[in-house]
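For reference, the structure is listed below as structure tokens.
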Amino acid sequence: MINQLTLRESSVLRLLAGGLSYKSIGETLDIGTETVRTHVRNARSKTGARSRLELVAKYLEWRPEAKADVSDVSLSPRELEVVLLLKGGRSDKAVAENLSIATGTVKTYLKSVYRKMGVRNRVQLMLRA
């Protein structure tokens with residue numbers, strides 16, 4: 001699983017979990033963007049992750065010290081449900097179906113969560129959640 005990753009795949013995953021784009025990861029590691037994509041694809045294959053978000057979630061389970069403390073953030077119960085479902089690697093559509101709400105409503109909750117937690121994207125959210 002995660003411990004089967006090569007050193008380079010682990011490095012790419014660490015940077016991906018830090019919220020960096022493929023381009024930024026490539027520049028940081030001095031490799032091409034397509035090489036970054038290949039490492040992410042290989043890591044997904046080795047871990048069984050279906051998406052980048054699920055891959056980051058698995059990484060955070062493996063490296064819990066990478067999570068930030070969010071005890072000072074006050075989320076509504078519904079916002080928390082959305083975050084927990086996303087943390088499990090689900091898409092907006094899957095979250096909406098699970099909670100019997102519209103996909104647009106999921107996006108509205110996410111915007112609120114991003115604002116409250118001071119993050120800009122799902123990867124950063126997974127780091128904080």
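Within the group ARG78, ARG120, ARG128, which residue is at pLDDT 85 or above and not β-branched (Val, Ile, Thr)? Before you say what the answer is, go through the steps one by one.
Details: ARG120 fails: at pLDDT 85 or above; ARG128 fails: at pLDDT 85 or above.
After applying the criteria, what remains is ARG78.
Among the residues making up the range 85-117, those that are closer than 23 Å to LYS58 by Cα, modelled with pLDDT under 85 and part of a helix (DSSP H, G or I) are LYS87, MET117. Residues in the range 98-116 that are of a type outside the set (D, E, K, R) and surrounded by fewer than 19 Cβ atoms within 10 Å (Cβ to Cβ): ASN98, LEU99, SER100, ILE101, ALA102, THR103, GLY104, THR105, THR108, SER112, TYR114. If you go through the range 94-127 and keep only what is of a type in the set (D, E, K, R) and within 15 Å of GLU54 (Cα to Cα), you end up with just ARG122. Taking the listed residues ALA94, ALA43, ALA57, ALA17, the one that is out of contact with any strand residue (DSSP E or B) (no Cβ under 6 Å at 6 or more places or on another chain) and more than 26 Å from THR6 (Cα to Cα) is ALA94, with no other qualifying.
The values are calculated or read from the model by the stated rules, or taken from the named source; none is laboratory data. Since this is a predicted model, take the numbers as computed values, not measurements. Counting neighbours? That spans all protein chains shown, and the Cβs are built from the backbone with ideal geometry, glycine included.
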